[in-house]
Amino acid sequence: MKTVTIVAKADETTADSPMTDDRSPMADGQLPIAANEAPKTDDRANQFWRSMSELEGTAEFDAALAREFGTDVGDKSSGVNRRHFVQIMGASLALAGASGCRWDKDNIHSFTRSPQSHTPGKPKYFASAYETDGVAQPVMVTSYDYRPIKVDGNPKHPMSLGASDITTQGTILELYDPDRSKRVLADGKESSWDAFKAFAKQAFKGNGAGIAFLTGSTSSPSFLAAAAELKQKLPQATWVTFDGISRDNVRQGALAAFGKPVRTMLELANARVILSLDDDFLGAHPAHVKYSRDWAAARRPEQGHDMSRMYVVESRLSNTGGCADHRLPLRSRDVKGFALAVEQALRQSGVSLEGTSPQAAGLDADVTKFAQTVARDLAAHKGACVVTAGAGQPAEVHAIAHRMNVALGNAGKTVSYLDHSDVSQEPNQMMSLARLIDSMGKGQVETLVILGGNPVYNAPGALQFAQAYAKVKNRVHLSDAIDETSKTATWHLNAAHWLETWGDSRAYDGTVIVQQPMIRPLYDGKSAIEVMSMISAATEENGVAENGYTLVRRAFGKLTGLAADDKTLTTALSDDYDSQGAIPEGSSAAADAKLPVLFGSFDRAWRQSLFDGVVNGTSFSKISPSIQQFSISAVDAPAARTQAANGELELTFYVDSRMGDGRHSNNAWLQETPDFMTKLTWDNALLVGPATAKALSLEDEGMVKLSVNGRELTVPVLVQPGQAMGSLALAMGYGRTAAGRVGGWMERELDHTVAGFDANVLRGTETVAFVAGVKVAATGETFKLATTVDHFLIDQGGIAERERRGGEIIRMGTVEEYTHEPDFAKHMVHHPPLESLFNEWEYGQRRWGMAIDLTSCTGCSACVVACTAENNVPVVGKEQVLRNREMHWIRIDRYFRGDPENPQLGAQPMLCQQCENAPCEQVCPVGATIHSSEGLNDMVYNRCIGTRYCSNNCPYKVRRFNYFNFHEDLKDGRNEVKKMMNNPEVTVRFRGVMEKCTYCVQRIQNTKIVAKNEKRPIKDGEIVPACAQACATDAIVFGDLSDPSSRVSKLKKLPRNYDVLAELNIKPRTSYLAKITNPNGGLVS
Amino acid sequence: MSAVSHAEMMRDNTIDDPTQRAPLLTDDSSFGDVTQAVAGVAEAKPPIGWLLGFGVAACGALMLVSCIGWLIWMGVGVWGNMTPVAWAWDITNFVFWVGIGHAGTLISAVLFLMRQKWRMSINRFAEAMTIFAVICAAIFPGIHVGRAWLAYWLFPIPNQMQMWPQFRSPLLWDVFAVGTYATTSIVFWYFGMIPDLATLRDRAKSKVAKIGYAIFALGWTGSARHWHRYERAYLLLAGLATPLVLSVHSVVSFDFAVAQLPGWHTTIFPPYFVAGAIFSGFAMVNTLAIPARAIFKLEHLITMRHLENMNKVILATGMMVGYAYAMEFFTAWYSGNPQEVFAFTNRAFGPYWWAYWTMVSCNVISPQFFWFKKLRTSIPVMFVLCIFVNIGMWFERFVITVTSLHRDALPSSWAYYQPTHIDIMMLIGSFGLFFTLFFLFLKFLPIIAIAEMKTVMPQAHAHGDHHGGPATAAHAHTAGSH
């Protein structure tokens, strides 16, 4: 059965399809909670259909389907208006009766009778979970008329508290990606789930010999239950887990140190001293949202207690390194020696460490001094310090870090150990993958089922996965796109996006979150658990595959210990009451009283869990493991740090916070979000330190051939400050050749070039993320890199001025300076008394303002993507970024200071400053940008004719001009689906108009309306712009300046508050809190 | 020391002899000869040079029209403009062409009021050039806006949307200033041409030409009453146009001066822009006059002395412009504002140093050659130098617009602007349009003010205030400045 249709499937449709008018309030809806839940049969007659030919399954209809969108709709994509939609719907409903017998026992609502709880145009919010590599991000999804449009953190969940990260913000675009796979393919030809089921009957027989399952890490209870069932039915089958971003070292390190699998949770809010051994825990850690929040909480100079101090030792300047008080650039392979030097110094300070360790020899004097200083600081803060090692570092370094933490008394205080044995993974995934590939190559695997993941792309090049893969007879791949692995699969199964399907997963702390579908699968995709259930059913004579709803409810019952019979598990909850406001906050007795009596205890618990986005009592228990004896191999003498010899170079593979393991490659929002450090978009590049580049005669944008262990890759160079001498870095997740029209799709659309370069080609089976003995050879060619800052054309005068101005724009001071002169930031720029040509504005009741704490900003860029999602900010593509036409309303400015080999760094989110004396407003000839009574610089798109004078006169250059119709692609029938993701509250701007940050005026207005209806004042913190909402470190605070007790008013009263470019007398409403660092006197020269 | 004979003066009217005035014409043409010389241009079959020139120019104009079509179809993004350089060649071209348009009014109105009779042979030319330059200029602000079809919102037109322009914006002042200037210039030019159009009408052989010229001649008969009213009105229009010479470019300069951007925000701009405009306008008049007088054999009407006088004005205004360049640096330094200082050092030594030094070489250094009489009376030298001045003045506008924008307050938004093919084609195309109009003017309209010309001829004063004879008549109406 092929279902593209949808229109009238009122009973289970949670949103309309790409073919319906996405804005139609008539889009039929059912509570998503109730969606997809009833068992379905695959009989055509039981489905609603669009036409008789569909019902009959005629060849014409199938052919029309294969064109992705029938000519009637696709070719007149913009012509499907509401009336047309209603016609189709009406006809379908009328014909529905013809299918006769029975249908899903859900409620059918046409929108002529709105669902009880539904107000058209009013958003609803649903808690859910977004799992990546076995760790769930707790999320809250905004849904308009059952169309999810935005994903944020779940404020109720301790791992999020409402904050989120860049990929969570970006995932909504992936749901509506027109390049998603739309149907099952068998040998590349269109097929169906039924055909797959028939195939499964044949393929999954007997004891499972010759069958292998390859999955990514997961913590999903229902997945693990389904896997357990399959393992029982196919005992001989091989199960391998493999993640593109390896955390093998973390697992093995914990195993070595404690003798059992243990998950480490840093409690950074309690930490006074932090030592990061090549760990970018603020940027690339599964728990980095929580870590960022806790870290920032301990770095507020005003809170009365000591600010934490952070030391970072790393090869590549990471977000964490940028936030460090002291950073030591060191090759990744020398970090182990450094860790040992710290241990030695700790021993000398009288800290008793278990076991022995080899001497760290040959360290430079300054490295030794750094290690000793750090050790002294750690020893002075026993029980209040943290040592953490990066996932790229070998297991030994992790073990050393654990040993230090335990010896320093940090366990239970600043570091918790969680017992995650329920979901713990194979410690050495790389080895088990290598074994699987070996048996595949030998022809021992007849059927390989890959559930998610893309090993053809992201398995290390040395393993030659693709060659072995070709020798497998049945290659089954569940994937949401026809990616590299699917292209050569014999069975491609189209996966449902996580927003389309039931599921469950555990957050980093172990709490289970039920993942709710927000919309009916747009392309009839299935989740991994549903596919496993199909396979499971195929092993039995009369097996029946279960749907996700039942599987997840069953796992939920097991987790909570609540009994439920099969009928309960499979029954959809009735839509008799409002899901959103159903379970009132407060006492559970009151909540229970409101629930209809027909709910049993199981359903009550279920609904509560769905509402909260957390299943109570499921977090991992904290344990206190003791350190085991472990041995550490001898340390290679570190190479001289002042030289970079070709052939002895080190190459690190780092995780790009946007692309991950490559799965986000086709996400244009993420491709276009500039990397915080490099400001690079649309590509990755070989990062080389300035001195290394000089030593090797490498230049920006020059292509070089990298060779290591016989593997080669040609990449462009980007000279990047802070990169350790002799160490090169290359981001993973780029160079996809079958990602889609955004990330690269070599065969399907030749004009879409591949974004970036595939680092996996160079990777070996090392479990560490770096490799030595690398050679570079310039090829003489050049490659244009689209950075969003003036990176390549800067003269000495410009550099000097940038340095000079950087200090005025991002004002920094140390804790000592701050204590000594709290308002130092206000005095950094001197100017005479300012007089205005114009009368000052008079404001009414409210004056909106914003304060941004530069001490807290880590540059994670979640705000940038959050703003993009909230405000329908268009993507412009690499060519336009090269022309400096990126449209982001908020950008993170990053300024380096001092030594290019180890610079100091400042991050500054820059958005419209909503000046009171706004230069933009004075020069607009048509009055398209005007001052509101609440102090906003309102932008009237309808009125703008696009003189761009406002942009010229804006000293912050935060205005963005639509040089083209950047939404042009929406006219393409293939992209019709993308319209669904636009925020209906925000105008989609036409070409030729100026746009800019509005402080999320739509949110302000909505809250004002609510407050007015309720006849109450707006509460402080009730209005949160998208950037502030996403910010994990709470660096961005918005509120009413006329209320002296509001948070933002209080922040603005702090002595370190300052206005950027105050000397221009433009009176910005956005101000910044100076960046305060806490350096160690012993290391400050 | 009346060493110079009249014959010598007639051969070379650039000789300065304090005892006598240099003749305005360098031969003893009769009234009929002058009429024939000028009207003949319009009546004769166009020479091959005209055909070639017109062909090339028309291709250029066509290219401009196509580019504008493409621009409006696709969006302003077909240019290289971006953030932070939101204005680039579009506004550069606008200011450049408006500047060119200054010479016309100056010559026809200011010199008229000052009784500078040597203007008579070049004013028609200069006025035509003004109008065509203003047409070229007016195109750019009209199409540079993102939604060109709504550009009319810039005008204060009462409408059902109750929209009204925002009067604090210098762009709006621009609309009024350029609009007024264009209107006045066209009226002034056309009005001055009426007697000559009547001459062409009377001489026309073909019916079409006769009707055409007749319509525009407005029934001119040359009666005393006509002449009386004509001269009154001409004087009034000249008085009306004179302040515009100062106002237009002052207002255009407000686009920059009123903004708060370092490099733009400076009070020197209005006088500096006016001087620059006259500078570029005169250079353009020369650039056009030199080939035109050769092709149409008008050397005796547009004499070397005219050219020399204009070169002197170029020298003077070039020095003013040079002074302004120096003062900008001085004020930036004297202000003590580091952003101002950087804006100017960056101009001279930043990534656009080449544009800055092209500008200085062309605008400050090249006019210095006009100190030497030999050079300022040499046709090849002055032609080359005038073209340099034109180039230099285009670069001046480029330097002001782009180098100030490309590195403004926050280094995070610094960037380097590069033009696209469309930018280049539109600049060339604007010259194409300008020359197309100019060639049409050469062919169909009296390119020298015939009637006015005759008033300065000796014959007009044969029985006048002096004792007769060509020499004394020439004495009374001379090309030199008083």
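Structure above, values below:
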read-out: Whole-Å semi-axes of the ellipsoid equivalent to the protein assembly as shown (Cα gyration tensor, √5λ, descending); value: 72, 39, 30
read-out: FRET efficiency, A:GLN202 to A:GLN348 (Cβ-Cβ, R0 56 Å, nearest 0.05); value: 0.25
read-out: Solvent-accessible area of A:PHE966 with every protein chain in place, 1.4 Å probe, in Å² to the nearest 10; value: 20
read-out: Packing-based order for B:288-297, B:411-420, A:173-182, using average beta carbon neighbours within 10 Å, highest first; value: A:173-182, B:411-420, B:288-297
read-out: Dimensionless Rg ratio for the stretch A:784-890, taking C-alpha atoms and the 2.2 N^0.38 Å reference; value: 1.47
read-out: Cβ-derived FRET efficiency at R0 25 Å, B:PHE176 paired with A:GLU842, nearest 0.05; value: 0.25
read-out: Exposure of A:LYS189 as accessible area (Å², to 10), given a probe of 1.4 Å and all protein chains; value: 140
read-out: Quotient of C-alpha Rg and 2.2 N^0.38 Å, computed over the stretch A:856-952; value: 1.31
read-out: Alpha-carbon centroid distance for the pair the stretch A:640-691 / the stretch A:269-345, whole angstrom; value: 20
read-out: Computed over the stretch A:918-984: relative contact order in percent, which uses C-alpha pairs under 8 Å that are six or more apart; value: 24
read-out: Pair B:HIS228, B:TYR323: separation of 7 Å Cα→Cβ label points (nm); value: 4.5
read-out: Spread of Cα-to-Cα distances over 5 Å intervals beginning at zero, given as percent, for the stretch A:641-727; value: 3, 13, 22, 24, 19, 12, 6, 1
read-out: Solvent-accessible heavy-atom area per residue, rounded to whole Å², over chain B at 1.4 Å; value: 39
read-out: B versus A: buried accessible surface, summed, Å² (probe 1.4 Å, to nearest 100); value: 4800
read-out: Per principal axis, descending, Cα span of the stretch A:289-358 in whole Å; value: 41, 30, 20
read-out: In sequence order, calculated HN-Hα J values of the stretch A:920-927 (Karplus, 6.51, -1.76, 1.60; Hz; x Gly/Pro); value: 5, 5, 5, 9, 6, x, 10, x
read-out: Viscosity 1.567 mPa s, temperature 4 °C, Stokes-Einstein D of the stretch B:151-276 from Kirkwood C-alpha radius, µm²/s; value: 73
read-out: The stretch B:11-160: Rg to Rh, with Rh as the Kirkwood radius over Cα pairs; value: 1.11
read-out: Per residue Cα convex hull volume in Å³ - calculated over the stretch B:281-363; value: 88
read-out: Percent of Cα-Cα distances greater than 32 Å, calculated over chain B; value: 43
read-out: Where Rh is the Kirkwood radius over Cα pairs, Rg/Rh for the stretch A:619-770; value: 1.06
read-out: Minimum 30 Å² accessible area buried by the other protein chains, the stretch B:83-114 residues, probe 1.4 Å, relative to alone; value: B:THR83, B:ALA86, B:TRP87
read-out: Convex hull of the stretch A:311-410 built on C-alpha atoms - directionally averaged projected area, nm²; value: 5.9
read-out: Unit charges on C-beta of K, R, D, E only; dipole of the protein assembly as shown, Debye; value: 2400
read-out: The stretch A:361-408: Rg to Rh, with Rh as the Kirkwood radius over Cα pairs; value: 1.00
read-out: Using a Förster distance of 45 Å, the FRET efficiency for B:SER206-B:LYS374 (Cβ separation, nearest 0.05); value: 0.45
read-out: Extension gain (nm, one decimal) between B:THR19 and B:PHE155, 0.36 nm per residue minus Cα-Cα; value: 43.4 nm
read-out: For A:ALA496, residues with placed amide H under 5 Å, excluding near neighbours; value: A:LYS526, A:SER527
read-out: Rg followed by Dmax, in Å, when the stretch A:247-365 is reduced to its Cα trace; value: 15.3, 43
read-out: Net length gained if the chain between A:LYS1012 and A:LYS567 were fully extended (0.36 nm per residue, minus Cα distance); value: 155.6 nm
read-out: 5 angstrom amide H check on A:THR238, placed H, neighbours 5+ away; value: A:ILE211, A:ALA212, A:PHE213
read-out: Shielded residues, the stretch B:153-171 - accessible-area loss of 50 Å² or more between chain alone and all protein chains, probe 1.4 Å; value: B:TRP153, B:GLN166, B:ARG168
read-out: Among B:ALA44, B:GLY192, B:PHE395 - extreme Cα towards positive end, dipole of chain B, charges at beta-carbon; value: B:ALA44
read-out: Cα-Cα pairs of the stretch A:602-668 separated by more than 13 Å (percent); value: 83
read-out: Relative contact order (%) - criterion: Cα under 8 Å, at least six apart; region: the stretch A:212-314; value: 23
read-out: In Å, descending, principal axis extents of the Cα set of the stretch A:215-292; value: 52, 26, 22
read-out: Dimensions (Å) - the stretch A:917-1010, Cα atoms, principal axes, largest first; value: 45, 36, 22
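The values are calculated or read from the model by the stated rules, or taken from the named source; none is laboratory data. Please read these numbers as outputs of a predicted model, since none were measured by experiment. Note: ideal-geometry Cβ built from the backbone for every residue, glycine included; neighbour counts use all protein chains shown. Quick note on the areas: whole protein, heavy atoms, side chains included, nothing else; ligands and nucleic acids left out. Shrake-Rupley method; radii C 1.70, N 1.55, O 1.52, S 1.80 Å.
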